[in-house]
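The values are calculated or read from the model by the stated rules, or taken from the named source; none is laboratory data. Because the structure is a prediction, the values reported are computed rather than measured. Virtual Cβ from ideal backbone geometry, glycine too; neighbours counted across all protein chains shown. For accessibility, only protein heavy atoms count, side chains too; no ligands or nucleic acids. Shrake-Rupley method; radii C 1.70, N 1.55, O 1.52, S 1.80 Å.
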Number of protein chains: 2
Amino acid sequence: MLTSTATAVQDPFSPDTLALLDRAAAFCTARTSRLTETRRLVLGLILQSSKPVGAYDILDHLRQYQRNAAPPTVYRAIDFLLSQGLIHRIERMSAFIGCAHRLECHHGHGCGHRAQFLICSGCGAVSEVEDSEITHAIADAARKIGFKPHQSTVEIEGLCAACQQG
Amino acid sequence: MLTSTATAVQDPFSPDTLALLDRAAAFCTARTSRLTETRRLVLGLILQSSKPVGAYDILDHLRQYQRNAAPPTVYRAIDFLLSQGLIHRIERMSAFIGCAHRLECHHGHGCGHRAQFLICSGCGAVSEVEDSEITHAIADAARKIGFKPHQSTVEIEGLCAACQQG
DNA sequence: TCTCAGTCGTTATAATATAACTAAAGGCGA
DNA sequence: TCGCCTTTAGTTATATTATAACGACTGAGA
């Protein structure tokens, strides 16, 4: 058994997060994309947070594990994770959250990417929903004016159930 | 009649823009808010553009008329115009466009603020719609999970009718 | 083994936005 | 009109978010 001198910092994640990271690794393997160590750390840091996290917050935490991490380190990982649909960017906050549907649902990995986000101005938490009424309404509205939609951002700011009690 | 030495730059706006600025001035007067000269210039510069404009683009142009304009000059004007609903921020672009409904419709000034934006990745143009299906779908989805919505951002990226021809 | 695509380290800088403090201008009641 | 107070604007500095550019390393396949 190794003792602690010069030992690298332990993997910092909770069992829940570790389980999600395992799913993410499997997901990437299936797509022949590579969840490298840096990418895995960044994803873990995002998943670990109950709120969206900014790139420089991620960087601060990442530096506990990789002393020479720099902004491009984080942004490259973020770009990868976005491209795989493993995280989402919340535009209003310039921050990132894990994708609930990629990693948490048990219905397989094929779910669409038509997510909407509910941002609580009380506690800062963001929940992701996939509401087909919204999705269809958007598609219809676009079609009506001859616009061919490719991707949409829906961010709803307000008060979550818990914060309405306070 | 004054001749041109040291004359201030002429008001730079097209007749269309000037008409909109007149409406905006009336709108502000009615609300007892003040469309000051700087705010009017910034609004004019935004309205004049067919695409969303960034704060520093505005600043560059503004400096033709106010040599000592600085970032806060522009951001203060933007904050005011946003607060009056005279412009919108396009989150995905960190840029601003005039509010079509405040200034262009002839149905009075009371229209709601539940706008959605269609962003063309071909030409960069953004059009604003107010689609009640989308608005209702969002309200319903929020209610379903006990979330009290306050404001929402809907930005749909894709190809406009014209750019689909190309 | 060679090569190529992909990934990462590193430095510098671009682009967007705000803090903080001072001064001027405008509205308003006495 | 005067003085007071609120709003607006000038100015400097800095915070925050994001990308450019270039070289080195790595791992997979020809």
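Miscellaneous remarks
- Within segment A:34-64, the set of residues being more than 11 Å from the chain's Cα centre (by Cα) and polar (S, T, N, Q) comprises A:36, A:38, A:64.
- Subset of segment B:59-68 (residues that are within 23 Å of residue B:23 (Cα to Cα) and buried (at least 18 other Cβ atoms within 10 Å of the Cβ)): B:61, B:62
- Taken across segment A:79-91, residues that are among the polar types (S, T, N, Q) and facing chain B (nearest Cβ under 9 Å) do not occur at all.
One line per residue, one yes/no per condition, for (1) among the hydroxyl-bearing types (Ser, Thr, Tyr); (2) touching a Phe, Trp or Tyr at 6+ places or on another chain (Cβ under 6 Å); (3) in a helix (DSSP H, G or I):
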position: B:27; (1), (2), (3): no, no, yes
position: B:32; (1), (2), (3): yes, no, no
position: B:46; (1), (2), (3): no, yes, yes
position: B:58; (1), (2), (3): no, no, yes
position: B:64; (1), (2), (3): no, no, no
position: B:75; (1), (2), (3): yes, no, yes
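- Scanning segment A:124-166 for residues that are surrounded by fewer than 14 Cβ atoms within 10 Å (Cβ to Cβ) and more than 16 Å from residue B:158 (Cβ to Cβ), we see that the one that is farthest from the other protein chains (Cβ to nearest Cβ) is A:166.
- Only one of the listed residues (B:33, B:49) is surrounded by fewer than 20 Cβ atoms within 10 Å (Cβ to Cβ), within 29 Å of residue B:166 (Cβ to Cβ) and within 16 Å of DNA strand C (Cβ to nearest atom). That residue is B:49.
- Conditions (1) free of Cβ contacts under 8 Å to residues at least 60 places away in the same chain; (2) closer than 30 Å to residue B:148 by Cα; (3) within 15 Å of DNA strand D (Cβ to nearest atom): number failed by residue A:91: (1)
- On inspection, residue A:101 fails the criterion of being open to solvent by 80 Å² or more (accessible area, probe 1.4 Å) and touching a His at 6+ places or on another chain (Cβ under 9 Å).
- Residue A:40 under 22 Å from residue A:90 (Cβ atoms), within 11 Å of DNA strand C (Cβ to nearest atom) and open to solvent by 30 Å² or more (accessible area, probe 1.4 Å): yes
- Residue list for segment A:69-92, filter: open to solvent by 10 Å² or more (accessible area, probe 1.4 Å) and within 12 Å of residue A:55 (Cβ to Cβ): A:70, A:71, A:72, A:73, A:75, A:76, A:79, A:82, A:89
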